[in-house]
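The values are calculated or read from the model by the stated rules, or taken from the named source; none is laboratory data. Everything numeric here is computed off the predicted structure, so don't read it as measured data. Positions of Cβ are generated from backbone atoms using ideal geometry, with glycine treated the same way; all protein chains shown enter the neighbour counts. Surface accessibility is based on the protein's heavy atoms, side chains included, excluding ligands, DNA and RNA. Shrake-Rupley method; radii C 1.70, N 1.55, O 1.52, S 1.80 Å.
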Amino acid sequence: MGRPTTPRITDADIETYTRDGVVCLRDVCGPAWIERMRGAVERIKHAPGPLRQTLRPDDPGEFFSEKFMWTFDADFSAYVFESPVAGAVAALLQSRKLNIFFDQILVKEPGTDAPSPWHQDLNFWPFEGAQVASLWMPLDAVDLESGTLEFVRGSHLWHDRPMKRELVFGKTDHQPAAVDKGVGDEGAVPQPDIDADRGAYDIVTFDLAPGDAVVFSALTLHSAPGNRSARRRRAISTRWTGDDVRYRHRPIMAELIRDPGLKPGDTLDCELFPVVWRAAA
Ligand SMILES: O=C(O)CCC(=O)C(=O)O
């Protein structure tokens, strides 16, 4: 397996990520990666893995997700271990190492109504620590009409733990309605209804070309509209952790492809969450 390459991340990018909890990076992956990953998404669309979710199955379009593809697909394994993605996130997090948590396909086909509701990823991820981020990369040009992400700038600094929220993703194949109940960490405050008062928040969004990316903290509130356009919205989100992250349990846990065999307080280095990137000694 090759070494990941590291794209140029500037001090301004690091400053933006640290201050806003989100930064837009242009041209992280070139056309060869985009073509390769489009092919991989198509293959997996037609041969789902164990964690396939069709979110809102009655939607007139189609919103589907798949996770942990790197564990069973050679192209996704290459994307995680060899593409410029890990190096970019490590630079932004200023971490000496980076573990993959999981990779995820998120496709909204044309005419999909389902929004991705406002949420903080850390609410259902099994970690303590600040160095947790996702890199979301579209394989198609995206704008608000086709379902690019929206972020509340600076929301990662509001509280030291994720807020309680009422809704995860609505009805899905795997998550019964029982999880949509406002579960959260002990002492967490409720998540405000962002859409009820959008003018009160600093909401930012980015039109992206294939191979551009947004990197955001797991505490940054984010959402996406449905895809009202006639274009596909295929995206890959990779989720990463850095030096300060330790395993813990949470009231709702994201479904994992298998038990990582970790105890609360453990570092994440294990077969399921391997170290993908290390700073040169
Ligand atoms: O792709 C989407 O619509 C939602 C993505 C998201 O919430 C994430 O990558 O954390």
Exercise for the section: Just need the Rg to Rh number for the stretch 72-113, please, alpha carbons only, Kirkwood Rh. Expected result: 1.11
Practice task
Would you mind working out the accessible area per residue for the chain, using a 1.4 Å probe, and quoting it in Å²?
Solution key: 41
Problem - Rounded to the nearest 10 Å², the accessible area of LYS45 at probe 1.4 Å - result: 40
Fill in the blank from the handout: Distance in nm between ALA12 and ALA47 label points, each 7 Å along Cα→Cβ, equals 4.5
Exercise for the section: Please work out the FRET efficiency for the pair ALA196 and ARG228, using the Cβ-Cβ distance as r and a Förster radius of 22 Å; give the result to the nearest 0.05. Expected result: 0.55
Practice task
Could you list the square roots of 5 times each eigenvalue of the Cα gyration tensor of the stretch 13-255, that is, the equivalent ellipsoid semi-axes, sorted largest first and rounded to whole Å?
Solution key: 24, 22, 19
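Add +1 for every Lys or Arg and -1 for every Asp or Glu among the other residues with Cβ under 11 Å from the Cβ of HIS222, and state the total.
-1
If R0 is 22 Å, what FRET efficiency do you get for ALA32 and ASP207 from their C-beta distance, rounded to 0.05?
0.45
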Exercise for the section: Heavy atoms only, probe 1.4 Å: what % of the accessible area of the chain goes to carbon and sulfur, would you let me know? Expected result: 52
Exercise for the section: Pull out the extension gain between ARG278 and GLU128, defined as 0.36 nm times the separation in residues minus the alpha carbon to alpha carbon distance; nm, one decimal. Expected result: 52.0 nm
